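Working notes, beginning with the structure itself.
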Amino acid sequence: MSKELLGCPALSAKTLANLITLESEMEASVILPILKKKLAFLSGGKDRRSGLILTIPLCLEQTSMEELSVTLDYLLSIPSEKCKARGFTVIVDGRKSQWNVVKTVVLMLQNVVPAEVSLVCVVKPDEFWDKKVTHFCFWKEKDRLGFEVILVSANKLTRYIEPCQLTEDFGGSLTYDHMDWLNKRLVFEKFTKESTSLLDELALINNGSDKGNEQEKERSVDLNFLPSVDPETVLQTGHELLSELQQRRFNGSDGGVSWSPMDDELLAQPQVMKLLDSLREQYTRYQEVCRQRSKRTQLEEIQQKVMQVVNWLEGPGSEQLRAQWGIGDSIRASQALQQKHEEIESQHSEWFAVYVELNQQIAALLNAGDEEDLVELKSLQQQLSDVCYRQASQLEFRQNLLQAALEFHGVAQDLSQQLDGLLGMLCVDVAPADGASIQQTLKLLEEKLKSVDVGLQGLREKGQGLLDQISNQASWAYGKDVTIENKENVDHIQGVMEDMQLRKQRQKSMLSSRGFVIQCHPRCEDMVDVRRLKMLQMVQLFKCEEDASQAVEWLSELLDALLKTHIRLGDDAQETKVLLEKHRKFVDVAQSTYDYGRQLLQATVVLCQSLRCTSRSSGDTLPRLNRVWKQFTVASEERVHRLEMSIAFHSNAEKILQDCPEEPEAINDEEQFEEVEAVGKSLLDRLTVPVVYPDGTEQYFGSPSDMASTAEHIRDRMKLVSLKRQQLRHPELVTTES
């Protein structure tokens, strides 16, 4: 290819392909077996006129002129016209061949390249050919041949060509590897062929895309309309080829002189570069076309999927929700509706997953920033989001409504069971057992009533919340009149709340299954008040009985204390009077205890009459109380008699024993002595007599030792009185003793 062409601006792919096709009509791959024989080659060397050196190495074997002609035709088609204009220097190596063959080759050059050949150097052998050669003078044929022919030995060849431009076969330093050149040539031609074909295809695709851009948007993309070869592979091959050619150009072999097998034009580096530039340009355009097609395809797919999601949600999905308006009339019914709603949600979840994927794809396209598609993408995204969010809100609203209905029915069921339990408790008569159990039952009643109040309040709150949700149901009903459905739900909720309230106020039960008689009980609150009052009376009854029994115990303890500890009669009249006063106070305490017990027992009688039950106290506690009181009365009277006798005894004895000269006649009264003696004896006798109760049982005051000590004190006092009596009767005895 000429340098003028190589230096011009980038050519179109079609023009560049046509030029390359005209300049290289033959392909190395077609005549590869012939080229491998190395019948002729271009070593890359140049003569002093900068003409290329064409070497024809003849051998001992017979050379096929046809193959040589084909080889020459191929080799001469490689250089550019500018190179050909400078002429060729042909070296015919006849050192291993016969003269006739050399002559034939030289004459053939006249027919093959007469205009391009400027000099033919026939390298003769060391031993010159026979005399016939001398009769043929090539120089005389110069005009007829069109080029000069000289016979020269190998060592004289440097006279015409520089040694650095000669191969080693002729004593030069130029390195040439024929097979390496042939392989590179095959790669070059393959790259040229593939790249030109690819350029045509890419130009067709790109130009067709530019002309039919509007039509392309309205039709589906033809997926078969693709290059026949991979552009990346062709570009990689071209870069590798160019790198190899440039490396061979600028790097010497084994540290020798730099070798350029085909120089600029010979190995077509500019052609490769030009093809690579054109390929990159067309491939960049092709990538943009593919990107636009891919984007358009993706946009159409997104649009199609968006419409599928929108159509389903606004069609079958919305229809499913329209058909679900009830809230159920029980827990089981609400749970069944929830299960049905979960199935609807499961179907919606699949479409919501598609929505999420589409939203991500649309967001990615929006981030790409293509202004021509922004409006359409945003419109699709907005439409999809509006429909999905509206449908999701409806699903959530429905789920919350069913959950609220389930909680409402749950509270109603619990409240109904509590009312049934309360009614059962109220309908069972309470038999008095003991105060603790009655208090426990009363506490349980209070707890049940409180639980019913809390449950009823919770039912009202749940019902009102459910009614508020139902009132908002018409806001997303798609124009459907939900008044009838809402009215049924509202009536049901209000009916349940009123029924629970009524059951709390007025419990109903069947009194006669045969007669189908229904009797209305009083208000539940009244029944609870009556039951509470009855149990409080029972608690009071058991408390009275318990306190009455305690009064009996206290009275028994007082009786026991009277008999065991109240035994002293005093050492003198004054002390005895004090004991008597204490005893009367003691009796007052016992009297109060007895009266308290009697009052408690009278209260039990009244409570039993109110409760219509038989009191155990009237048959047990009252007789015990009366018996203990009678025993205490007998013992107390006996204690009083003994104390009074003791006072009389000590008073008289003290009068006698006191030394009172003013009243000698009183002391000398014999009756006083007799009275003291009689009272003393009577008192001693009374100490030995037990207390006899009305039931015939006997009980002594204190222990025998206590009674003996008291009796001993009385006897001592009686002895003193007796001694005083003797002194008064016989004064002389007193004087004698003194």
Got at least one residue in the range 410-419 being under 30 Å from C544 (Cα atoms), in a helix (DSSP H, G or I) and modelled with pLDDT under 80? no
Restricting attention to the range 69-105, which residues are farther than 16 Å from G45 by Cβ, part of a helix (DSSP H, G or I), modelled with pLDDT of 85 or more and open to solvent by less than 40 Å² (accessible area, probe 1.4 Å)? S69, T71, L72, Y74, V101, V102, V105
Would you be able to say whether some residue in the range 248-271 is surrounded by fewer than 20 Cβ atoms within 10 Å (Cβ to Cβ) and at pLDDT 80 or above? no
Residue among E27, E61, E66 that alone is farther than 19 Å from F170 by Cα and either assigned to a strand (DSSP E or B) or touching a residue at least 60 places away in the same chain (Cβ under 8 Å) (or both): E27
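Of the residues E342, E350, which single one is within 30 Å of V496 (Cα to Cα), at pLDDT 85 or above, in a helix (DSSP H, G or I) and charged (D, E, K, R)? Walk me through how you get there before you give the answer.
Values: E350 fails: within 30 Å of V496 (Cα to Cα).
Matching residue, one of E342, E350: E342.
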Note on G702: of the conditions (1) surrounded by fewer than 13 Cβ atoms within 10 Å (Cβ to Cβ); (2) at positive phi, unmet is (1)
Here's a check for you: in the range 30-58, which residue that is open to solvent by 20 Å² or more (accessible area, probe 1.4 Å) and in contact (Cβ under 8 Å) with a residue 60 or more places away in the chain is farthest from G172 (Cα to Cα)? L32
Residue list for the range 586-608, restricted to those being of a type in the set (S, T, N, Q), in contact (Cβ under 8 Å) with a residue 40 or more places away in the chain and more than 17 Å from R627 (Cβ to Cβ): T604
Among the residues of the range 541-573, write down those that are assigned to a helix (DSSP H, G or I), open to solvent by 90 Å² or more (accessible area, probe 1.4 Å) and touching a residue at least 24 places away in the same chain (Cβ under 8 Å). K543, E546, W554, K564
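Taking the range 540-578 only, how many residues are acidic (D, E), under 30 Å from Q609 (Cα atoms) and at pLDDT 85 or above? Please lay out each step first, then the result.
Just the residues of the range 540-578 that are acidic (D, E), to begin with: 545-547, 553, 557, 560, 571-572, 575.
When the remaining residues are screened for being under 30 Å from Q609 (Cα atoms), the result is 545-547, 553.
Next, only the ones that are at pLDDT 85 or above stay: 553.
So the answer is 1.
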Which numbered condition L601 misses (of (1) open to solvent by less than 30 Å² (accessible area, probe 1.4 Å); (2) over 29 Å from L569 (Cβ atoms); (3) modelled with pLDDT of 85 or more): (3)
Out of (1) over 30 Å from K450 (Cα atoms); (2) open to solvent by less than 70 Å² (accessible area, probe 1.4 Å); (3) in contact with a helix residue (DSSP H, G or I) (Cβ under 7 Å, 6 or more places away or on another chain), the one E314 does not meet is (2)
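The values are calculated or read from the model by the stated rules, or taken from the named source; none is laboratory data. None of the values given here were measured: they were computed from a predicted structure. All Cβ positions, even for glycine, are placed from backbone atoms using ideal geometry, and neighbour counts span all protein chains on display. All accessible areas refer to the heavy atoms of the entire protein, side chains included, with ligands and DNA or RNA removed. Shrake-Rupley method; radii C 1.70, N 1.55, O 1.52, S 1.80 Å.
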